[in-house]
1. Residues that are within 20 Å of G12 (Cβ to Cβ) and assigned to a helix (DSSP H, G or I): does region 203-217 have at least one?
2. Considering only residues of region 120-162 that are of a type in the set (K, R) and under 16 Å from D84 (Cβ atoms), which is surrounded by the most Cβ atoms within 10 Å (Cβ to Cβ)?
3. Only one of I94, I98, I182, I112 is farther than 21 Å from E193 by Cα and β-branched (V, I, T). Can you tell me which?
4. Among helices (runs of 4 or more DSSP H) lying entirely in region 1-117, which contain 2 or more residues that are hydrophobic (A, V, I, L, M, F, W, C), within 30 Å of K151 (Cα to Cα) and without any contact (Cβ under 8 Å) to a residue 60 or more places away in the chain?
5. Considering only residues of region 5-62 that are crowded, with 22+ Cβ neighbours inside 10 Å and among the charged types (D, E, K, R), which is nearest to R82 (Cα to Cα)?
6. How many of the residues in region 178-213 are surrounded by 15 or more Cβ atoms within 10 Å (Cβ to Cβ), touching a helix residue (DSSP H, G or I) at 6+ places or on another chain (Cβ under 7 Å) and small (G, A, S)?
7. Taking into account only those residues within region 197-214 that are under 24 Å from the mean Cα position of the chain (by Cα) and modelled with pLDDT under 90, which is farthest from H257 (Cα to Cα)?
8. For A169, indicate whether it is part of a helix (DSSP H, G or I) and either β-branched (V, I, T) or surrounded by 15 or more Cβ atoms within 10 Å (Cβ to Cβ) (or both).
Amino acid sequence: MKLKDNVAVITGAGSGIGREIALEFCRAGAKVAICDINMQGAHDTVAEIEAAGGSAIAIEMDVTDEAAVNAGVDKAFARFGRIDTMISNAGVQIVHPIEDFPYADFRKVMDIHVGGGFLLTKACVKYMYAQKSGALIYMGSAHSHEASPLKSAYVAAKHALLGLGRVMAKEGAKHGVRSNVICPGFVKTPLVEKQIPEQARSLGISEEEVVARIMLGDTVDQEFTTIKDVADVAVFLAGFGSNALTGQSILVSHGWHMA
């Protein structure tokens with residue numbers, strides 16, 4: 001029970017990577033606030049955790065709404081009495097060539113990833129600083145280091161999260177708070193599956209070519225990263241025992257990017 005009694009706030013935890021992280025945290029002994037705009041998904045995740053004997057709460061949270069983020073984190077603290085781990089995972093993907101990219105869509109991607117990460121950090125550190133401990137974990141991407149066509153908004157957002165995470169490693173150190181960024185490669189979630197036909201249309205190639213060339217062509221084994229791969233790294237970072245590991249980006253990408 002590596003995370004026994006650790007209290008984690010996880011956004012986008014009603015599905016995909018966030019859901020798997022929440023499940024792995026509870027298996028490791030943590031108590032989890034399942035934050036999502038999709039309350040059905042949040043309640044489903046909580047039900048699965050509770051059925052396995054874990055402790056969780058579903059919290060409705062639009063990460064672009066400062067009042068909603070503050071209220072959600074306060075609710076998690078009121079329920080569990082502390083905040084030990086923050087995982088800023090909520091995200092969205094929209095792809096277009098830049099000449100066709102609506103600015104409203106660009107802003108939406110930035111607001112959810114970067115604005116959401118900023119607001120969640122601000123809401124969580126007031127509790128972490130007071131208790132002199134905590135772990136901030138941001139869901140970056142291999143695109144925090146590399147670029148791909150059609151993803152100007154997503155790549156910009158993931159680069160920005162890397163910067164935010166590094167700033168928080170410096171600001172949080174004197175308060176006993178660590179900050180790291182997980183950078184997955186292509187994980188076959190609904191978000192990625194949606195990209196396959198979109199990129200095929202935009203690039204004029206087959207869906208099979210998108211997977212083989214664009215998504216997995218630079219991996220060492222032509223394998224997708226799994227949601228459990230990412231969740232295992234999150235558990236590791238949350239449970240790491242010192243400030244030796246802070247301000248880092250951990251690539252989980254089958255070698256798609258090596259740093």
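1. Filtering region 203-217 down to residues within 20 Å of G12 (Cβ to Cβ) leaves none.
Scanning region 203-217 turns up no residue that is within 20 Å of G12 (Cβ to Cβ) and assigned to a helix (DSSP H, G or I).
2. Here is the first cut: in region 120-162, the ones of a type in the set (K, R) are 122, 126, 132, 151, 158.
Of the ones still in play, those that are also under 16 Å from D84 (Cβ atoms) are 126, 132.
Working: K126: 13, K132: 10.
Per the stated criteria, the residue is K126.
3. Values: I94 fails: farther than 21 Å from E193 by Cα; I182 fails: farther than 21 Å from E193 by Cα; I112 fails: farther than 21 Å from E193 by Cα.
After ruling out the rest, the residue left standing is I98.
4. Values: elements: 16-27, 39-51, 66-80, 103-110.
The qualifying helices (runs of 4 or more DSSP H) are 39-51, 66-80, 103-110.
5. Within region 5-62, the match that is nearest to R82 (Cα to Cα) is K31.
6. Adding up the residues that qualify gives 3.
7. E198
8. Values: part of a helix (DSSP H, G or I): yes; either β-branched (V, I, T) or surrounded by 15 or more Cβ atoms within 10 Å (Cβ to Cβ) (or both): yes.
Answer is yes for this residue.
The values are calculated or read from the model by the stated rules, or taken from the named source; none is laboratory data. Owing to the predicted nature of the structure, the values given are computational and were not obtained by experimental measurement. All Cβ positions, even for glycine, are placed from backbone atoms using ideal geometry, and neighbour counts span all protein chains on display.
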